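Input: a single structure, listed below in structure tokens.
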Amino acid sequence: MRMVSALGSARPRDRAAVLVLLLTAALVVGTQELKEGYLHNRTFSTSDVVEYNCRPGYMRNTMARNTFICEKNRWKGSSNFCLPRPCSYPGEPMNGRLVEAEQFTFGSTANYSCDTGYRLIGNSQIRCVIKDGHVAWDGDVPTCEPIPCLPPPVIANGEHNGGHIELFTYGASVTYHCHADIRGRKHFSLVGDASIFCTTIDNVNGVWNKPAPECKEVSCREPHVEHGRLQSRYRAEYTYGDTIIFDCEFRYALLGSDTATCQEDGSWDPPPPQCQRSSCDDPPDVQNAVKARLAGNLFPIETVITYECKTGYEFSPGVVMEHISCQPDYTWTEVPPPCKRISCPNPATKTGMQISFWDRKDTYVFGDRVRIICDPGYVFKDRDDHVMLQCTNNGTWNRAAPECIPEPHCPKPAVDHGREAYNSKNDYTVGTKVRIECDEGYTLSTQQLVTCQADGNWFPSLPYCQKACGPPPQSTSGLNVNATSSSFPYGYRVEYSCAAGLSLIGDESLYCTSEDGVNLEWSGPAPECRVVHCPKPVVENGEMVTLRHTFPYGTSVSFYCKEGFMLRGSAESRCVADGTWQPALPKCQPVKCRAPTSKENLQFFPVKGEYEFKESLYFSCKLNNNAADRALTTCSTNGSWMPPPNCKTFYVRKKIDQIKETFDCGLPLAELRTLLEVQKLYLEIQKLEKELGAKGGRWWP
């Protein structure tokens with residue numbers, strides 16, 4: 001690489017290339033320029049190097065070289081070694097903003113705009129330029145001030161609510177109203193929008209968005225709509241802007257708009273509507289008929305109404321339904337006549353039957369009931385005493401009358417060794433009931449009652465009388481037997497039992513039998529009932545509280561144990577029906593006392609697990625770790641120690657003994673009183689200790 005300074009130093013064959021490089025080098029001169037040492041060179045050869053300086057407003061980029069080298073007829077090197085110098089942040093105006101500001105460097109511009117309702121004062125664009133050898137902005141940041149409007153127009157016979165405002169700016173609004181007379185009644189109507197506001201077209205000057213309204217004397221007459229009415233409140237006078245709402249009477253339809261507004265010329269817009277007929281009136285009622293399938297209470301043209309007769313009625317024979325329709329003139333077609341009650345022919349009667357006297361009439365209609373009965377000597381096949389027919393809604397009877405047939409009879413019942421229970425008769429019609437009973441010494445094989453059937457036979461079949469046993473044998477009083485009859489058939493068994501407190505001796509049951517195959521007798525004699533006795537109760541080491549020597553059923557006995565023994569079980573027992581004592585007899589067990597519970601201040605001896613009745617032991621108590629006198633306690637008859645081996649009772653008894661000795665010694669009264677006070681204090685301290693112990697309390701020094 002070499003640095004060159006003149007075109008003449010280049011070789012002849014390089015001159016063409018030099019010319020091309022001159023043209024190429026001339027393109028690389030946007031932000032930089034050749035150093036002064038290269039300005040006068042017009043030719044450059046291969047491997048020549050040139051060096052550049054940054055132009056004013058730019059600064060060196062230290063990350064890139066500021067040289068170019070000539071290689072293969074072109075300059076090689078980076079062209080971004082010069083960067084534009086930065087300007088300081090220009091700032092934003094109040095109520096405005098920077099527009100499209102990406103960077104603030106030499107040559108860039110800052111564009112400003114104002115918020116809606118504000119206009120720009122100053123230049124909307126400033127540029128980063130060179131001033132006094134430094135980069136700076138060529139102007140100040142503009143300001144944004146509210147866009148003003150002229151005062152709102154003044155209107156005749158009215159005013160706006162902005163009279164107290166001196167300056168009207170963008171967005172400000174005023175509302176107009178018309179003047180009223182002394183009574184407060186409006187003479188004038190506000191024509192046009194009541195409110196206008198300040199806006200702008202060019203973002204510089206303010207204008208009102210629309211002309212101010214006018215106050216005019218406007219009145220509209222109340223519109224009349226035939227078959228129509230007003231839904232809005234009635235007024236004596238309507239003024240400009242008043243809106244009314246129309247509605248049509250029932251079964252009329254609205255043709256046109258349902259609202260109209262009073263215009264400034266005194267007319268209504270849109271024009272009042274018309275109410276046109278849209279439905280027939282309610283379809284008329286038809287006697288004994290109902291209107292079927294009504295879908296509402298409006299009946300437009302071609303609506304069809306169906307009448308159906310109530311159950312049991314008809315318009316004409318076989319016709320129970322008629323129709324009418326709404327015609328174009330909103331009237332109904334011909335209405336059908338009333339529905340008439342359906343009638344039935346006289347019921348046909350056959351041989352042997354007739355209509356009940358009370359049901360006979362000339363004409364029978366739907367719902368009528370007729371009782372059919374058979375003539376005397378005849379009956380219905382199903383044995384009913386009558387048949388009821390009813391006239392139905394199709395004009396026929398609900399059933400045909402059954403046939404009456406001659407009444408059947410049963411033969412006189414004949415039973416060997418038997419007879420009818422009541423007076424005999426010769427006529428046994430169907431349903432007759434007969435009770436059969438046997439002669440003495442005989443009994444029935446089956447039930448007593450038989451009934452004459454429609455087939456002329458008795459049901460159940462007539463019984464027969466067979467030989468029987470007489471009443472079962474009896475013996476002593478108190479014997480019970482489960483017999484409810486006076487005669488009993490072969491094989492019949494009876495059970496015996498005794499009254500409470502009696503015992504059954506013999507067979508509990510007997511049965512009717514025969515030894516010769518002809519005569520019947522009971523299988524044995526009756527048992528006997530004897531009084532129940534319990535054995536004498538004996539309780540070892542116990543005694544009875546009674547002087548009795550025998551113990552029959554129901555006797556109660558009380559027991560107690562001898563001294564030194566304790567009763568285990570019930571103290572009373574009762575003799576029951578099976579000859580035993582209930583509850584079971586008690587036992588008398590020797591009395592035992594358990595060893596006293598050991599405590600810190602209680603000592604006793606001799607030490608054993610159990611102690612016999614009247615056995616004694618010694619115990620002593622410690623008070624403040626000092627041994628006290630010993631005392632004697634004895635195992636008592638109820639298994640407890642007497643006196644109880646308790647240190648508290650021991651101390652109290654000892655104090656009582658001391659007091660007793662004091663009285664015996666004749667102590668002076670003053671000293672005795674002092675001693676009693678001390679004892680009282682001691683007892684109160686004991687009571688307090690007990691209460692504190694129950695509450696978890698304790699003494700403190």
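Structure data summary
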{"item": "Selected residue (criterion: modelled with the lowest pLDDT) from residues of segment 346-397 that are closer than 21 Å to Ser316 by Cβ and touching a Gly at 6+ places or on another chain (Cβ under 8 Å)", "result": "Asn393"}
{"item": "Any strands (runs of 3 or more DSSP E) falling wholly within segment 125-205 and containing at least 1 residues that are closer than 30 Å to Arg55 by Cβ and among the basic types (Lys, Arg)", "result": "125-131"}
{"item": "Scan of segment 525-572 for residues that are out of contact with any Pro (no Cβ under 7 Å at 6 or more places or on another chain), among the aromatic types (Phe, Trp, Tyr) and farther than 30 Å from Ser497 by Cβ, ordered by number", "result": "Tyr560"}
{"item": "When residues of segment 189-236 are limited to those that are over 59 Å from the mean Cα position of the chain (by Cα) and of a type in the set (D, E, K, R), the one surrounded by the fewest Cβ atoms within 10 Å (Cβ to Cβ)", "result": "Asp202"}
{"item": "Restricting segment 62-87 to residues that are of a type in the set (Ser, Thr, Tyr) and either assigned to a loop (DSSP other than H, G, I, E, B) or in contact (Cβ under 8 Å) with a residue 24 or more places away in the chain (or both), the residue that is surrounded by the most Cβ atoms within 10 Å (Cβ to Cβ)", "result": "Ser79"}
{"item": "Unmet criterion (only one of (1) farther than 20 Å from Pro489 by Cα; (2) in a loop (DSSP other than H, G, I, E, B)) for Gln447", "result": "(1)"}
{"item": "Qualifying residue in segment 316-339 (condition: out of contact with any helix residue (DSSP H, G or I) (no Cβ under 9 Å at 6 or more places or on another chain), of a type in the set (D, E, K, R), within 30 Å of Arg371 (Cα to Cα) and surrounded by 17 or more Cβ atoms within 10 Å (Cβ to Cβ))", "result": "no"}
{"item": "When residues of segment 200-224 are limited to those that are touching a residue at least 40 places away in the same chain (Cβ under 8 Å) and polar (S, T, N, Q), the one nearest to Asp269 (Cα to Cα)", "result": "Ser219"}
{"item": "Pairs with Cβ under 7 Å, 6+ apart, first in segment 316-331 and outside any strand (DSSP E or B), second at pLDDT 90 or above and basic (Lys, Arg)", "result": "Tyr330/Arg277"}
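The values are calculated or read from the model by the stated rules, or taken from the named source; none is laboratory data. Everything numeric in this text was worked out from a predicted model, so none of it was measured. In this analysis, Cβ positions are derived from the backbone assuming ideal geometry, glycine residues included, and neighbour counts consider all displayed protein chains.
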